[in-house]
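Just below is one structure, and these are the notes that go with it.
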């Protein structure tokens, strides 16, 4: 997947910056409703071909993280009527949409909320969120601190929405954020590229799956 130029980083400094003892891999919203042809977004007729390479790259990242002993944290949207955002629903209504239909994304207990592509292994951390950012209304920050983590490698969906929101919040909480650009995707290429350009400017360092995997390989 094409995107903004990846920040220059040799293997040596990157290996220190994202060393397994200080780093967690965040896999954001790679779920049926967002990533699978049979999910809600796919059923809207959205072309899912831009998502497929990101899923494959995220599979490689999770395998490399596990082999290196880097914690893998799966973040997923799980919605329920009682936790739906009134502001989100009203915004959708004002834009002419149907908030009740849109709120059906990733409903608790439904197949659409299941992870798709990389999936958690027994014992791996799973964070359920109700907003775009993985830090809002969750204990993600506390869990990362308990692990001794100060650095995040981030992948997931979508680049301009939940990846963007999570990375910005991570930076504001003093985490070092690295984005694997080929393991993220949006449904429109320009949204993906624009979000990465903005995040690279102020919040994160851009890298890719090959660089991360090489950094996590044993010396």
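The values are calculated or read from the model by the stated rules, or taken from the named source; none is laboratory data. Everything numeric here is computed off the predicted structure, so don't read it as measured data. Cβ sites come from the backbone with ideal geometry, for glycine too, and all protein chains shown count toward neighbours.
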Here the residues within segment 21-47 that are buried (at least 17 other Cβ atoms within 10 Å of the Cβ) and out of contact with any strand residue (DSSP E or B) (no Cβ under 7 Å at 6 or more places or on another chain) are 32, 33, 36, 39, 40, 41, 42
Restricting attention to segment 121-138, does a residue exist that is closer than 23 Å to residue 196 by Cα, exposed (fewer than 15 other Cβ atoms within 10 Å of the Cβ) and at pLDDT 95 or above? yes
Looking at 80, 107, can you tell me which residue is over 17 Å from the mean Cα position of the chain (by Cα) and over 29 Å from residue 149 (Cβ atoms)? 107
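Among 118, 111, 81, which is the only one that is crowded, with 18+ Cβ neighbours inside 10 Å and in contact (Cβ under 8 Å) with a residue 12 or more places away in the chain? If you could, list the steps in order and put the result at the bottom.
Numbers: 111 fails: crowded, with 18+ Cβ neighbours inside 10 Å; 81 fails: crowded, with 18+ Cβ neighbours inside 10 Å.
Criteria check complete, one pass: 118.
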Looking at 135, 74, which one is closer than 28 Å to residue 14 by Cβ, without any contact (Cβ under 8 Å) to a residue 60 or more places away in the chain and part of a strand (DSSP E or B)? 74
Within the set of pairs 6 or more residues apart or between chains, which connect a residue that is in contact (Cβ under 8 Å) with a residue 12 or more places away in the chain inside segment 176-197 to a residue that is assigned to a helix (DSSP H, G or I) and surrounded by fewer than 17 Cβ atoms within 10 Å (Cβ to Cβ) with Cβ atoms less than 6 Å apart? 177/171
For segment 32-45, pairs from a residue that is in contact (Cβ under 8 Å) with a residue 12 or more places away in the chain and on the phi > 0 side of the Ramachandran plot to a residue that is outside any helix (DSSP H, G or I) and crowded, with 21+ Cβ neighbours inside 10 Å, with Cβ under 7 Å and 6 or more apart or across chains, are none
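Please find, among 177, 146, 195, 214, the residue that is assigned to a strand (DSSP E or B) and surrounded by fewer than 24 Cβ atoms within 10 Å (Cβ to Cβ).
From the options 177, 146, 195, 214, the qualifying one is 177.
Mind listing whichever residues of segment 51-71 are without any contact (Cβ under 8 Å) to a residue 60 or more places away in the chain, over 14 Å from the mean Cα position of the chain (by Cα) and either closer than 13 Å to residue 212 by Cα or outside any helix (DSSP H, G or I) (or both)?
63, 66, 69
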Identify all residues within segment 180-192 that are under 21 Å from residue 33 (Cβ atoms) and crowded, with 18+ Cβ neighbours inside 10 Å; write none if there are none. 183, 184, 185, 186, 187, 192
Whichever residue in segment 114-130 is outside any strand (DSSP E or B) and out of contact with any helix residue (DSSP H, G or I) (no Cβ under 7 Å at 6 or more places or on another chain) and, among such residues, is nearest to residue 156 (Cα to Cα): 119
